[in-house]
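Enquirer: Dropping a structure here in structure tokens format, bear with me for questions.
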Amino acid sequence: MKDEQLLQRIVVSPDIMVGKPVINGTRLTVDFILGQLAHGALVNEICSEYEGLTIEDIQACLLFATKTLQDTEFMPLAS
């Protein structure tokens, strides 16, 4: 699946979850899904926990995070 198709699965609306990026048609935020993955949840576990969620939705969250961080500049904190 192409990047554009995956990214269409993520929506941002001030009317949904106070404008946080969510998986289209859900109230599942990108940061929630990433947190689940960071804490060791497997993709198939997440998909089975939330009806209608697909592997492509999870991939879309990862791609959205990647694209968001891609143009971000980081500066080290003073030591």
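Enquirer: Averaging over all projection directions, find the projected area of the Cα convex hull of region 3-70 and quote it in nm² with one decimal place. The partial results should precede the final answer.
Expert: Details: hull surface 17.9 nm².
The Cα convex hull of region 3-70, projected and averaged over all directions, gives 4.5 nm².
Enquirer: At q = 0.15, 0.16, 0.22, 0.25 Å⁻¹, what base-10 log of I(q)/I(0) does the Debye formula yield for region 32-79 when every alpha carbon is treated as an equal point scatterer in vacuo?
Expert: -0.49, -0.54, -0.79, -0.91
Enquirer: Please compute the net charge surrounding G25, taking Lys and Arg as +1 and Asp and Glu as -1 over other residues with Cβ under 10 Å from its Cβ.
Expert: Numbers: positive: R9, R27; negative: D57.
Value of the local net charge: +1.
Enquirer: Show that you can apply the helix-only estimate: for the chain, add -39,500 (n - 2.57) for every DSSP H stretch of four or more residues, divide by all residues, and state [θ] at 222 nm to the nearest 500.
Expert: Values: 4 runs with 37 residues, N = 79.
The helix-only estimate for the chain comes to -13500 deg cm²/dmol at 222 nm.
Enquirer: Further question: For L62 and E49, calculate 0.36 nm times their separation in residues minus their Cα-Cα distance, and state this gained length in nm to one decimal. Walk me through the intermediate numbers first.
Expert: Values: separation 13, 0.36 × 13 = 4.68 nm, distance 1.83 nm.
Difference between extended and current length: 2.9 nm.
Enquirer: Before anything else, pin down the relative contact order of the chain: Cα pairs under 8 Å, at least 6 apart, normalised by residue count, whole percent.
Expert: Values: 64 pairs, mean separation 21.9, N = 79.
Relative contact order, the chain: 28 percent.
Enquirer: Taking the mean number of other Cβ atoms within 10 Å as a proxy for protection, how do you rank 47-55, 16-24 from highest to lowest?
Expert: Working: 47-55: 12.2, 16-24: 15.8.
Highest-to-lowest ranking by the protection proxy: 16-24, 47-55.
Enquirer: Set the Förster radius R0 to 30 Å, insert the Cβ-Cβ distance between F74 and E4 as r into 1/(1 + (r/R0)^6), and round the FRET efficiency to 0.05. Walk me through the numbers on the way to the answer.
Expert: Numbers: r = 27 Å, r/R0 = 0.89.
Approximately 0.65, to the nearest 0.05.
Enquirer: Assigning unit charges at the beta carbon (Lys, Arg +1; Asp, Glu -1) and nothing else, what dipole magnitude in debye, to the nearest 20, does the chain show about its Cα centre?
Expert: Dipole about the Cα centre, nearest 20: 80 debye.
Enquirer: Could you give the length gained by full extension between V12 and L42, i.e. 0.36 nm per residue of separation minus their alpha carbon distance, to one decimal place?
Expert: Values: separation 30, 0.36 × 30 = 10.80 nm, distance 2.51 nm.
8.3 nm is the gain from fully extending V12 to L42.
Values in this text are rule-based calculations from the coordinates and carry no lab data. In this text the structure is predicted, and so the values were computed from the model without any measurement. Virtual Cβ from ideal backbone geometry, glycine too; neighbours counted across all protein chains shown.
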